[in-house]
Amino acid sequence: MKVCGFTFIRNAEKFDFPIIEAITSVLPICDHFVVAVGKSEDNTRKIIEDIDPEKISVVDTVWDDKLREGGFVYADETNKALDAIPDEYDWCFYIQGDEVVHEKYLPVIKNAMENNLERKEVEGLLFRYRHFYGTYDYVGDCRHWYRNEIRVIRNDKSIRSYKDAQGFRKNDEKLKVVPVDAEIYHYGWVRHPKFMQEKVDSVKAFYHGISEEEAQKKASEQEFNYGAEYDALTRFEGTQPKVMQDRIKRLNWEVKVDTDKIQMKFKYRLLYRIEKLFGVRLFEYRNYKLLK
């Protein structure tokens, strides 16, 4: 069995993406790794090259402005990295630039790939998610945060990144997947408030079709207010991945949140209460088909 990791990134240094930690976290179970590096305003390409020159290959890309609206450019960049994976690899392990896998899950993930290698009906592996918010002490605790997503797929180029690169589809059909007893730690909402505001406004540029110059001008005028932007949070009681320890030590901002405070509209508050009482998330969006 051969495994190739893949991701895309641009302006990693500028927006403080934990891309080194993301790639390093899954590299031990990848035989090779492909990174689509978009034309950047910082040292992103060198950062990627220096992680592991023997194991990582870079695909230089230019983001397509025609795909700016709706975030479709993220899927396009994901597909560029996927298409660069040679046919010799069986599984493709996708990790985004703000996602990390705890080392305790690596044997579990590898076993799942080995156990499902000959099950040709299995097109991907499904992971649980923890979405950190503000600092490394809090995680999202409502339906606003997706609970599961596909991060390992067959090396089948008819599988394409879907919409804004949250998941995958094959011939526009949902992938048939099996769940893995492993989690992806998502740190997209853990940055210094200045970097967070710049990142949020940059992302908006790729969803709403506005120019990046306009987005950056707005971001330079304010810092992100973590205390006003969450629906519901809970304190994280587990351990952080080893690859994140140095980054955690560099945390130089404070976030004050109230984990007892719920900020959401009535219908979402009702659905939230139902989920907490019965453990069922009603009307949950699932971009996959579960196999037994």
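Nothing in this text is a laboratory measurement; each read-out follows from the coordinates by a stated rule. Since we're looking at a predicted model, the values are computed, not measured. All Cβ positions, even for glycine, are placed from backbone atoms using ideal geometry, and neighbour counts span all protein chains on display.
Values computed for the structure shown
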quantity: Placed amide H near Tyr138: partners under 5 Å, 5+ positions off or other chain; calculated: Tyr133, Phe236
quantity: Met264-Asp64 FRET efficiency (beta carbon distance; Förster radius 25 Å; 0.05 resolution); calculated: 0.10
quantity: Charge tally in the Cβ shell below 13 Å around Phe8, where Lys, Arg are +1 and Asp, Glu are -1, Phe8 excluded; calculated: -4
quantity: Greater than 25 Å apart at Cα, pairs in Lys39/Lys66; Lys66/Lys199; Lys55/Lys163; Lys204/Lys249; calculated: Lys55/Lys163; Lys204/Lys249
quantity: Exposure proxy ranking, count of Cβ atoms within 10 Å, fewest first, for Thr259, Thr78, Thr24; calculated: Thr259, Thr24, Thr78
quantity: Residue of Arg151, Arg250, Arg169 that the Gaussian network model of the chain assigns the largest fluctuation, springs spanning Cα pairs under 10 Å; calculated: Arg250
quantity: Packing-based order for 260-271, 116-127, using average beta carbon neighbours within 10 Å, highest first; calculated: 116-127, 260-271
quantity: The stretch 259-284-the stretch 81-134 distance, computed between alpha-carbon centres (Å); calculated: 30
quantity: Choice from Ile150, Ile85, Ile29 with maximal GNM fluctuation in the chain (Cα, 10 Å cutoff); calculated: Ile29
quantity: The chain - mean residue ellipticity at 222 nm from DSSP helices (-39,500 (n - 2.57) per run, n ≥ 4, rounded to 500); calculated: -8000 deg cm²/dmol
quantity: Chymotrypsin sites (Phe, Trp or Tyr not before Pro) lying in DSSP loop within the stretch 224-259, provided at most 13 other Cβ fall within 10 Å; calculated: none
quantity: FRET E, pair Asp156, His192, Förster distance 35 Å, beta-carbon r, rounded to 0.05; calculated: 0.30
quantity: Derived scalar couplings ³J(HN,Hα) [the stretch 266-280; Karplus, 6.51 cos²θ - 1.76 cosθ + 1.60; whole Hz; x for Gly, Pro]; calculated: 4, 5, 6, 5, 5, 4, 4, 5, 4, 4, 5, 7, 10, x, 10
quantity: For Phe168, residues with placed amide H under 5 Å, excluding near neighbours; calculated: Ile150, Tyr162
quantity: Spin-label pair Glu88/Lys110, simplified geometry with 7 Å Cα→Cβ offset, distance in nm; calculated: 1.9
